[in-house]
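These notes are about the structure you will find just below.
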Amino acid sequence: MTELRKVLANGEQVLIFLNRRGFAPTLICHGCGWVARCRHCDANMVIHNYENLLRCHHCGQEQRLLADCPACKTSELMPLGLGTERIEEALRELFPDKALVRLDRDTTQRKGSLERYLTQINRGETDIILGTQMLAKGHHFPNVTLVAIVDVDSGLFSIDYHATERLAQMIIQVSGRAGRAEKPGKVILQTRHPDHKLLNTLIREGYRRFADTALAERKEALLPPFSYQALLRAQAGNPNLPLGFLQTAAALAKTYKAGQTQILGPVPAPMEKRAGLYRYQLLFQSNKRSDLQKCLTELITNIDSITHTKKIRWSLDVDPVDLF
Ligand SMILES: [Zn+2]
Ligand SMILES: [Zn+2]
């Protein structure tokens, strides 16, 4: 906050980055612990205060914001966590005389609005720029001398090993938005884990060293690029259908002589239910690409022999960039 005040007093711009839109990611009842969940997804409804809505960011389901808890009927519903709308509200209270622009999917839906905001920023008519990953790419703000990245922790502890890599790239990208030769920028990260090893390598030794460390960890765990992966995904309204389909596919693939190819699963996708569909996946992993290729080619040729109804949708993702 001290840094923020200093920069604003100098007439320079600050950029505040949070990759979560809406007011808060969770609506919880302090009376009974009830949480607003989406009916169609394994996900919480996100509070959108401006529109007075709860919205699911995975399927688009919406409902009016509730005043009372549907479970215990008390009025102890509270927002939990931070979204860009909530930070905007706090910043406007703290700095009522500063001009603030919020850039996220909710504020830039209208055609031309993003360009209009960017022009305002570049003319110096904006003091505080607040936004989501939309800010990370492409735009350069030469008068920004302070970048604050709020809550980087979700990227540090994801079950998907790609998440740390994406977080590091995002930090580098966002940091790159700030400063120019005569006005160097400063970057502040908010975390509950200031001792995190990869985070410290990134900050103290740079992206190159971070990448080396991350690669060493992957080599240890035999993860790509030290092995090759493919993900067979299947989904349907009835969970037994994709599960059965993948079980048969796994049994079939195991009969192929495909070297060291491992077949792992099927397991539920990290978000098992999404938009009313149940999602399962089967992971293929091999340290020889040719073995993996052989296994997949044979499976695809025979996959139609697996009895399945048209109710299943399946897809095969070779070298998946995420495991969701
Ligand atoms: Zn309640
Ligand atoms: Zn949903």
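The values are calculated or read from the model by the stated rules, or taken from the named source; none is laboratory data. Note that the coordinates shown come from a computational prediction; the quantities given were computed from them, not determined experimentally. Here Cβ is always computed from backbone atoms with ideal geometry, including for glycine, and neighbour counts include all displayed protein chains.
Can you name every residue in segment 13-71 that is of a type in the set (D, E) and touching a strand residue (DSSP E or B) at 6+ places or on another chain (Cβ under 6 Å)?
Hits for segment 13-71 are D42, E62.
Scan L231, L296, L202 and give me the residue that is buried (at least 20 other Cβ atoms within 10 Å of the Cβ) and within 18 Å of I312 (Cα to Cα).
Result of the check over L231, L296, L202: L231.
So which of H162, H140 ends up being more than 16 Å from ligand 2 (Cβ to nearest atom), more than 19 Å from the chain's Cα centre (by Cα), closer than 26 Å to F210 by Cβ and in contact (Cβ under 8 Å) with a residue 24 or more places away in the chain?
When all the criteria are applied, what remains is H140.
Give the residues of segment 23-46 that are among the hydrophobic types (A, V, I, L, M, F, W, C), within 16 Å of ligand 1 (Cβ to nearest atom) and outside any loop (DSSP other than H, G, I, E, B), sorted by residue number.
Listed by number, the residues that qualify are L27, I28, C29, V35.
Just one of L65, L54, L80 is within 16 Å of ligand 1 (Cβ to nearest atom), buried (at least 20 other Cβ atoms within 10 Å of the Cβ) and either modelled with pLDDT of 95 or more or within 26 Å of the chain's Cα centre (by Cα) (or both); which is it?
Result: L54 is the single residue among L65, L54, L80 that is within 16 Å of ligand 1 (Cβ to nearest atom), buried (at least 20 other Cβ atoms within 10 Å of the Cβ) and either modelled with pLDDT of 95 or more or within 26 Å of the chain's Cα centre (by Cα) (or both).
I want to confirm something. Restricting to segment 31-48 and keeping residues that are more than 16 Å from ligand 2 (Cβ to nearest atom) and at pLDDT 95 or above, which single residue is surrounded by the fewest Cβ atoms within 10 Å (Cβ to Cβ)?
G33
For segment 29-46, check the following and say yes or no: at least one residue is touching a residue at least 12 places away in the same chain (Cβ under 8 Å), under 23 Å from T191 (Cα atoms) and out of contact with any helix residue (DSSP H, G or I) (no Cβ under 7 Å at 6 or more places or on another chain).
Scanning segment 29-46, I find at least one residue that is touching a residue at least 12 places away in the same chain (Cβ under 8 Å), under 23 Å from T191 (Cα atoms) and out of contact with any helix residue (DSSP H, G or I) (no Cβ under 7 Å at 6 or more places or on another chain), so the answer is yes.
I'd like to verify a number: residues in segment 101-140 that are farther than 25 Å from L167 by Cβ and surrounded by fewer than 17 Cβ atoms within 10 Å (Cβ to Cβ), how many?
Of the residues in that region, 13 qualify.
For segment 177-201, which positions are over 24 Å from M1 (Cβ atoms) and in contact (Cβ under 8 Å) with a residue 24 or more places away in the chain?
Scanning segment 177-201 gives R180, L198.
Do we have L103 as touching a helix residue (DSSP H, G or I) at 6+ places or on another chain (Cβ under 6 Å) and either more than 16 Å from ligand 2 (Cβ to nearest atom) or not assigned by TED's automatic domain parsing to the domain that holds T2 (or both) here?
Considered against the rule, which asks whether it is touching a helix residue (DSSP H, G or I) at 6+ places or on another chain (Cβ under 6 Å) and either more than 16 Å from ligand 2 (Cβ to nearest atom) or not assigned by TED's automatic domain parsing to the domain that holds T2 (or both), L103 comes out as yes.
If a residue counts only when it is within 24 Å of W34 (Cβ to Cβ) and in contact (Cβ under 8 Å) with a residue 12 or more places away in the chain, which strands (runs of 3 or more DSSP E) contained entirely in segment 63-135 have at least 2 such residues?
77-80
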